[in-house]
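The values are calculated or read from the model by the stated rules, or taken from the named source; none is laboratory data. Predicted model only: the values in this text are computed from it and were never measured. We place every Cβ from the backbone using ideal geometry, glycine too, and count neighbours over all the protein chains shown. To get the accessible areas, we keep the full protein, side chains included, count just its heavy atoms, and leave off ligands, DNA and RNA. Shrake-Rupley method; radii C 1.70, N 1.55, O 1.52, S 1.80 Å.
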Amino acid sequence: MKIFAAIDDSRQLDGGKAGETASLLGKFIEENGWGKCSTPSRHRLYPHPDTACKKHNTARSFSADIEQQYLADFIDYACKLVRSTGTPDSNAGLVVAIPELMENLDELIEYAYWVKEGLVSQDEALKFKNKPGLYLFELNGSGRGIIGALAAAGLRITGNDGQFRGKLQIGTGEDYIASVKEIIDKSYVEQVKNMDFENICDSEYVRMGEKVKVVLLDNKYTLMVFPTEIEHPKWQTSTTHMLRAF
């Protein structure tokens, strides 16, 4: 079965990040031979003083194809890991969503975009607690991290939201110019699109910026670009500000 695991845990004992914890969860599944995991993505949520995230509010999520017999053991490990790495005031939350078992997937997706665009209470998240195909865990402090974790799971399920850790590097030197074909051949990028969501063909060229991020779009690892207004290269990798929608 395909599951979507998500965590919202902003403060960790060793100074680590939630993205690292998500990667450890995926690694645990694969090292035990339980299934195959996707790369964790970071999902931007609504920043507000009441969320303790005035400027940046994010949660992480990844998908995994896992045998049902291992689900309980994975959830047990995930709860222990998130609880042990977080500080008491991290208010961590963990969510595991199984779309094929859910009665109303649209309800979760609607909630996810609600959290992305506005302030949502913990009680609203808890309404999903006993719904089929959803497992919610309040782990540290108030456990209000379930608000963001639940949203991250829903956003990842859409296949059209999220950024991936790290900076994409193709070639060497500043302002390296690469063809779309080279980018796809030499990295995990599956497609290149402009900010109007139109595909860029393999023969087009892109100037690689200083901080190149890959996003999730159409359930594919996607590099977003915008026009340079010159003949060559015609495209430039999108800036961090442009990618805020993801």
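Within the range 116-126, identify whether any single residue is surrounded by 15 or more Cβ atoms within 10 Å (Cβ to Cβ), touching a residue at least 60 places away in the same chain (Cβ under 8 Å) and closer than 21 Å to S63 by Cα, and answer yes or no. Yes: the range 116-126 contains one or more residues that are surrounded by 15 or more Cβ atoms within 10 Å (Cβ to Cβ), touching a residue at least 60 places away in the same chain (Cβ under 8 Å) and closer than 21 Å to S63 by Cα.
Residues are listed down the side, and each one gets a yes or a no for (1) more than 18 Å from Y135 (Cα to Cα); (2) among the acidic types (D, E); (3) modelled with pLDDT under 95:
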{"site": "K2", "(1), (2), (3)": "no, no, no"}
{"site": "R11", "(1), (2), (3)": "yes, no, yes"}
{"site": "Q68", "(1), (2), (3)": "no, no, yes"}
{"site": "A72", "(1), (2), (3)": "no, no, no"}
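Residues in the range 86-115 that are out of contact with any Pro (no Cβ under 8 Å at 6 or more places or on another chain), open to solvent by 30 Å² or more (accessible area, probe 1.4 Å) and either part of a helix (DSSP H, G or I) or without any contact (Cβ under 8 Å) to a residue 40 or more places away in the chain (or both): P88, D89, P99, E100, N104, D106, E107, I109, E110, Y113, W114. Only one of the numbered conditions (1) buried (at least 21 other Cβ atoms within 10 Å of the Cβ); (2) out of contact with any His (no Cβ under 9 Å at 6 or more places or on another chain); (3) modelled with pLDDT of 95 or more is not met by A22, and that is (3). Of the residues examined, G171 is not one that is open to solvent by less than 60 Å² (accessible area, probe 1.4 Å), under 27 Å from K116 (Cβ atoms) and in contact (Cβ under 8 Å) with a residue 24 or more places away in the chain.
A single member of R83, R144, R165, R156 is among the basic types (K, R), in contact (Cβ under 8 Å) with a residue 24 or more places away in the chain and under 16 Å from I3 (Cα atoms), and it is R156. Taking residues in the range 216-235 that are crowded, with 20+ Cβ neighbours inside 10 Å, and partners anywhere that are modelled with pLDDT under 95 and hydrophobic (A, V, I, L, M, F, W, C), not one pair has Cβ atoms closer than 6 Å while being at least 6 places apart or on different chains. For the range 188-215, a tally of residues being open to solvent by 30 Å² or more (accessible area, probe 1.4 Å) and of a type in the set (S, T, N, Q) returns 2.
Residues in the range 116-125 that are hydrophobic (A, V, I, L, M, F, W, C) and modelled with pLDDT under 95: L119, V120.
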